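This report refers to the structure that appears directly beneath it.
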Ligand SMILES: [Fe+2]
C-alpha cells in the first residue's frame, strides 16, 4: 500500500496526462458488446478518418495481413476480427499520445519495447492456448506505460534514472523508486485508472516486476513478465540495467527455460520484421 504522500505524487503525475481518445474508449466498449456488428464498428471508426487510414495501413502490414490486400474498413473489421481491431486502435491511440515517430530517442525506444512485448505476449498467449490473445497483446502494450509517462513528462530526471540504473547496476524500477519515490508500475496503474481501462490490465501493469504476491490463478502478469524479458533479449537494453527472468513466471506458465530461449530466437524475426511498421504509424 502506498503512503498518502506517494499517492498524491502519483496523482500529480497523471493530472495533466491526456485522456484516452474518445474513439478508442468507444471502440473498446463496442468490442465488449455482443450486439455490435462489423458494420457498426467500421462506421464508428470511419468517423475518425486519421484513425481509419492508420487501421487500414496496419491491417496491410505483413503481421496482420490475411488477404492479398485489405482496402476497406469493413473488410478489415471482418477479416481481422473485433479483438485485433481493438488492439490496433489502442496501439495507434497510445502511439500518438507518446509522439510516435517524432518522439525523442528514449521515448521511441520505450515505445518500441512496448510494441515488441505486445507481439511476444500475443504469441505466448497463442502458444499457451489462452482464449483471449488480444488481451495478452494489450497487457504487453501497456505494461510500461508508466515509463512512457515518466519519460515524456520529466525527460531529464528520467534520463538521470537510466544513467543510475546503468552505473549502479540496479533495475530501472529500483532507480525510479530512488529518484521519484515510486516506479513505473505504480504510475502505470494510475494511468490505467485515469484512462478508465478495464481492470484486467491493472494487475499485469502494476505487478510485472513483482510476481511473488500474485493470486495463483493470475496468468496475464507472468506472461507479460516473460514477454517483457524476451523483448529485452531481442531489442537489447543498452540504456538500463537488465533485470533477470523471474523463475516464478515460467513456473506459473508451465514453461521450461529452454522454451523461453526458443521463444527469443523464434520471435526475433517477427519482431524485427514488424516492429517498425507497427510502432511508427
Ligand atoms: Fe517494466
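Please treat every number below as a calculation from the coordinates, not as lab data. Since the model is a prediction, treat every value here as computed from it, not as a measurement. Cβ atoms come from the backbone with ideal geometry, glycine included; neighbour counts cover every protein chain shown.
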Open item on the list: Here are the criteria: (1) over 17 Å from residue 170 (Cα atoms); (2) touching a helix residue (DSSP H, G or I) at 6+ places or on another chain (Cβ under 6 Å). Tell me which single one residue 242 does not satisfy.
Closed with: (1)
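To keep it simple, each residue is scored yes or no on (1) buried (at least 22 other Cβ atoms within 10 Å of the Cβ); (2) over 15 Å from the mean Cα position of the chain (by Cα); (3) assigned to a helix (DSSP H, G or I).
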site	(1), (2), (3)
114	yes, no, yes
117	yes, no, yes
126	no, yes, yes
130	no, yes, no
134	no, no, yes
140	yes, no, yes
156	no, yes, yes
175	yes, yes, yes
- [ ] Among the residues of the stretch 26-52, count how many are out of contact with any helix residue (DSSP H, G or I) (no Cβ under 9 Å at 6 or more places or on another chain) and in a helix (DSSP H, G or I).
- [x] 2
Task: Answer from 279, 231 - the residue that is in contact (Cβ under 8 Å) with a residue 12 or more places away in the chain, within 29 Å of residue 18 (Cα to Cα), surrounded by 14 or more Cβ atoms within 10 Å (Cβ to Cβ) and away from the ligand (no atom under 16 Å from the Cβ) - done: 279
- [ ] Assess whether residue 243 counts as being closer than 19 Å to residue 111 by Cα, within 13 Å of the ligand (Cβ to nearest atom) and in contact with a strand residue (DSSP E or B) (Cβ under 7 Å, 6 or more places away or on another chain).
- [x] yes
- [ ] State the number of residues belonging to the stretch 128-151 that are more than 16 Å from the ligand (Cβ to nearest atom) and without any contact (Cβ under 8 Å) to a residue 60 or more places away in the chain.
- [x] 6
Task: Qualifying residues in the stretch 162-172 (those that are in contact (Cβ under 8 Å) with a residue 40 or more places away in the chain and either assigned to a helix (DSSP H, G or I) or within 12 Å of the ligand (Cβ to nearest atom) (or both)) - the one farthest from residue 97 (Cα to Cα) - done: 166
